[in-house]
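Structure, as structure tokens:
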Amino acid sequence: MAEATTGEPMSIDYSERIPNNVDLAQDPALQRALEHWQPNYIDWWREMGPVASSNYEVYLRTAVGVDAHGWAHFDFVRMPEYRWGIFLSPRVEGRTVNFGAHKGEPAWQDVPGEHRANLRRIIVTQGDTEPASVEQQRHLGAVAPSLYDLRNLFQVNVEEGRHLWAMVYLLHKYFGRDGREEAGALLERRSGDRNNPRILGAFNEATPDWLAYFMFTYFTDRDGKFQLNALAESGFDPLARTTRFMLMEEAHHMFVGEAGVARVIQRTCEVMNQLKSDDPVQLRAAGVIDLPTIQRYLNFHCSVTIDLFGADESSNAATFFNAGLKGRFEESKRDDDHLLRDRVYSVLAVHDGALGEREVPMLNALNEVLRDDFVRDSIGGVGRWNKVIERAGLPQRLHTPHKAFNRRIGSLASVRVDPDGRILGETEWSERQYEWLPSAGDRAFVAALMGRIAAPGQYANWIATLNTCDSTECR
Ligand SMILES: [Fe+2]
Ligand SMILES: [Fe+2]
């Protein structure tokens, strides 16, 4: 694919009320619509954004351009004054639709009429996750384990806010009145609200403590990476360009998760070696999080995130692909016909009470294809966490749970499965589920460790400092 770009502006105009690189001033109606949405967004941020943070100056990264060098600029800023805006990656000259029935046609600069409803649904679903995660994490600043971690949290929060802006721009610019209504509704749903919840399950779960937060950014922001990569392949060029820019920020979110969990593990291992014990009771008494509890958090966050990819067989997934709206992870790098009409894919299925594989048309299994790519990617970090334990000279290891464990979506939701993939009866599941998932007691213990450490260079006892963490992710 040609990497040549058009002559569109690369730098971001911060003299505008809404910083942007999309020539917003040339489209007064759109500018007015977004300037009307902007105060509602700020109201939402003040109501649902990080708690007690509005007078707190944080050292934050702000995008000042979308090229490789200009996109990250650091400065102190009060969060409500953060310059959220609209940034698209540069347009690639001659870009074509790379998959599905429209393969080879020029990429669309406007919404094709027949795909309008599906595209809007894709954009709204992605957009809804962004404010949801800010809502889920809003209490964590009050109990940050260090200033360094606090800064990372707020960095992630403001970028999720900007990701909402990215989707709202598309809704306003390309979807007329129903787009504006959807943009309004994105500020009205609330994570975990019984009456008006966020769209997807994992985004209605609580993120009550920092271990949950690190697991969330490791697993659930990685779902973001895979969804955004699939959308970055879209034949609808503005969606592809905006998601490509979002992906640069997503990498940092996953880093926060991976390095955070690595530091929790490192600290636990230090105390295990000091006490010469792996007894959770003794370790908890010493104020660190025992490895079995870390494993249960891992199982929980991995399994609820796996559900985000949707049903294992989905005619919507086939439609989105055929229509050129949503590709596979790294679609353009794959070496096949990108039509997939005669291809099959094997999915896990329940048959006579046992798990087995079943071949289905690949087009209908594209959620599963993306989920399997995600699972492969997730395993890597778990391996790096195990290296931290290994370097501490300890024999314990963490494991990624079986894909069928704790599922609520798709055909696997009909069975109880342990983390090794063994099918269980309802009785065994209810007796043993808290061997595998965090219990109320686990969560209460972790919650009791939380407390704000705001002095530079100080760290909570349950997490390794940056200097002592020997995970490659910490460097
Ligand atoms: Fe995001
Ligand atoms: Fe993210």
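Each reported figure results from applying straightforward, stated rules to the coordinates on display, with no laboratory input. Computed from a predicted model, the values in this text were never measured in an experiment. With ideal geometry, Cβ positions are generated from the backbone for all residues, glycine too; neighbour counts draw on all protein chains shown.
Observations on the structure shown:
- The trypsin sites (Lys or Arg not before Pro) of segment 308-412 that meet both conditions, a loop assignment by DSSP and at most 15 other Cβ atoms within 10 Å of the site Cβ, are R334, R341, R343, R397, R408.
- As a rough footprinting exposure proxy, the listed residues C302, C269 were ranked by other beta carbons within 10 Å of their own, and the order from fewest upward is C269, C302.
- Applying 1/(1 + (r/R0)^6) with R0 = 51 Å to the Cβ-Cβ distance of R194 and N273 gives a FRET efficiency near 0.65.
- Sparsely packed trypsin sites (Lys or Arg not before Pro) within segment 210-310, loop by DSSP, other Cβ within 10 Å at most 15: K276
- Linear extension gain, V375 paired with H139, 0.36 nm per residue minus alpha-carbon span: 82.0 nm
- Residues of type lysines that K225 reaches as a straight line, Cα spacing below 16 Å, ignoring anything fewer than 8 places off in the same chain: K326
- Rounded to the nearest 20, the Cβ-based charge dipole of segment 294-426 about its Cα centre (Lys and Arg +1, Asp and Glu -1) stands at 580 debye.
- Inter-label distance for E16 and A185, nm, one decimal - labels placed 7 Å from Cα along Cα-to-Cβ: 2.7 nm
- Efficiency of FRET from Cβ geometry, M248 and E114, R₀ 35 Å, rounded to 0.05: 0.65
- For the chain, the pair-distance distribution built from all alpha carbon pairs, in bins 10 Å wide starting at 0, is 4, 19, 29, 26, 16, 5, 0 percent.
- Centre separation in Å (Cα based) which lies between segment 438-466 and segment 166-212: 29 Å
- Relative contact order computed over segment 215-267 (Cα-Cα under 8 Å; 6+ residues apart), in percent: 49 percent
- Across the chain, the longest run free of exposed loop sites, meaning GluC sites (Glu not before Pro) lying outside DSSP classes H, G, I, E and B with no more than 13 other Cβ atoms within 10 Å, spans 331-475.
- Ellipsoid equivalent to segment 308-448 - semi-axes via the Cα gyration tensor, in Å: 32, 21, 14
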